[in-house]
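**Q** Let me begin by handing over the structure; questions about it come next.
The values are calculated or read from the model by the stated rules, or taken from the named source; none is laboratory data. Computed from a predicted model, the values in this text were never measured in an experiment. Here the Cβ positions follow ideal geometry from the backbone for every residue, glycine too, while neighbour counts run over all protein chains shown.
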């Protein structure tokens, strides 16, 4: 167990220059033993309000991607950030990865911490997990903040595309080749450059933070899971999503463009939304001031009812 000062982390662990101007918050790193393996957890000290927030990172990311948001969010709630199974410093077993498996991870974590209900933040693939959780465990969901979320089902799914992706992921030669290419700093840098509007945000430290987990045994199972079973990574919410919801989008997101706000509004008609200008796919990291202000305002009015 190690105590970290959230607003003094380096980029792989945060930096004072990057952090919002908030009071110092102590973040403790622990490992929770789940049925599928160890899960890395960052958590703040218990908040007297009794409110709780769970932060879920995107594909290929880790808890560090929330380092600039935790101090602000901890003003009103206990904050938990999880490395999803298969990513970051959590274990990487060869299991059937899916949005619902990670939803079970969140459910069981809340049980372990004796948290009845929490607000869920999900970025990109984490947004898919948070939205699916809010459908499957509505009674455990106090609110949702979906940040450039993935997972909206295509209107005309391509069976050929799905079969091609699965063949590439299950063919041992193609799988290992694609994973080897994917796990290099140059490819990671290219991917991050596509994800950020401001190229200066893609620092060597950020690249290393994303590449380091790829060197771990078993990483290829989780990193190629989407290609192996694409249909497991679409939101399946026939009963709708009832939780108060904020949709946050980077106005310059090239990976999941802001036009996807429309189908997500159709999926969650009562959702509020905000588009942050001059921001790419990762507004919580690229423009944390605007992101934190929008998230805090939403939570205080719609979840904590402080307004």
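**Q** Taking the criterion of being part of a strand (DSSP E or B), in contact with a strand residue (DSSP E or B) (Cβ under 7 Å, 6 or more places away or on another chain) and modelled with pLDDT of 95 or more, would at least one residue in the stretch 249-257 satisfy it? Don't jump to the end; show me each part of the working.
**A** Restricting attention to the stretch 249-257, the residues satisfying the condition of being part of a strand (DSSP E or B) are 249-250.
Now restrict to residues that are in contact with a strand residue (DSSP E or B) (Cβ under 7 Å, 6 or more places away or on another chain): 249-250.
Filter once more, so that each one left must be modelled with pLDDT of 95 or more: 249-250.
For the stretch 249-257, residues part of a strand (DSSP E or B), in contact with a strand residue (DSSP E or B) (Cβ under 7 Å, 6 or more places away or on another chain) and modelled with pLDDT of 95 or more: present.
**Q** Of everything in the stretch 114-134 that's in contact (Cβ under 8 Å) with a residue 40 or more places away in the chain and surrounded by fewer than 20 Cβ atoms within 10 Å (Cβ to Cβ), which residue is nearest to residue 33 (Cα to Cα)? Let's see the steps before the verdict.
**A** Taking the stretch 114-134 first, the residues in contact (Cβ under 8 Å) with a residue 40 or more places away in the chain are 115, 117-132, 134.
Then drop every residue that is not surrounded by fewer than 20 Cβ atoms within 10 Å (Cβ to Cβ), which leaves 115, 117.
On the way: 115: 17, 117: 21 Å.
For the stretch 114-134, the residue satisfying everything is 115.
**Q** Another question about this same structure. Kindly list, by first and then second residue, each pair from a residue in the stretch 190-204 that is farther than 17 Å from residue 251 by Cβ to a residue that is assigned to a helix (DSSP H, G or I), limited to pairs with Cβ atoms under 7 Å and residues at least 6 apart or on different chains.
**A** From residues that are farther than 17 Å from residue 251 by Cβ, the pairs are 192/206; 192/207; 192/210; 193/199; 202/189; 202/192; 202/193.
**Q** So residue 152 fits all but one of (1) outside any helix (DSSP H, G or I); (2) at pLDDT below 50; what number is the exception?
**A** (2)
**Q** For residue 260, indicate whether it is at pLDDT below 95, over 17 Å from residue 122 (Cβ atoms), within 19 Å of the chain's Cα centre (by Cα) and not in a strand (DSSP E or B). Please lay out each step first, then the result.
**A** Numbers: at pLDDT below 95: yes; over 17 Å from residue 122 (Cβ atoms): no; within 19 Å of the chain's Cα centre (by Cα): yes; not in a strand (DSSP E or B): yes.
Judged against the criteria, residue 260 is not a match.
**Q** I would also like to ask the following. Here is a list: 27, 41. Which entry is modelled with pLDDT of 95 or more, under 29 Å from residue 237 (Cα atoms) and assigned to a strand (DSSP E or B)? Before you say what the answer is, go through the steps one by one.
**A** Values: 27 fails: under 29 Å from residue 237 (Cα atoms).
The conditions single out 41.
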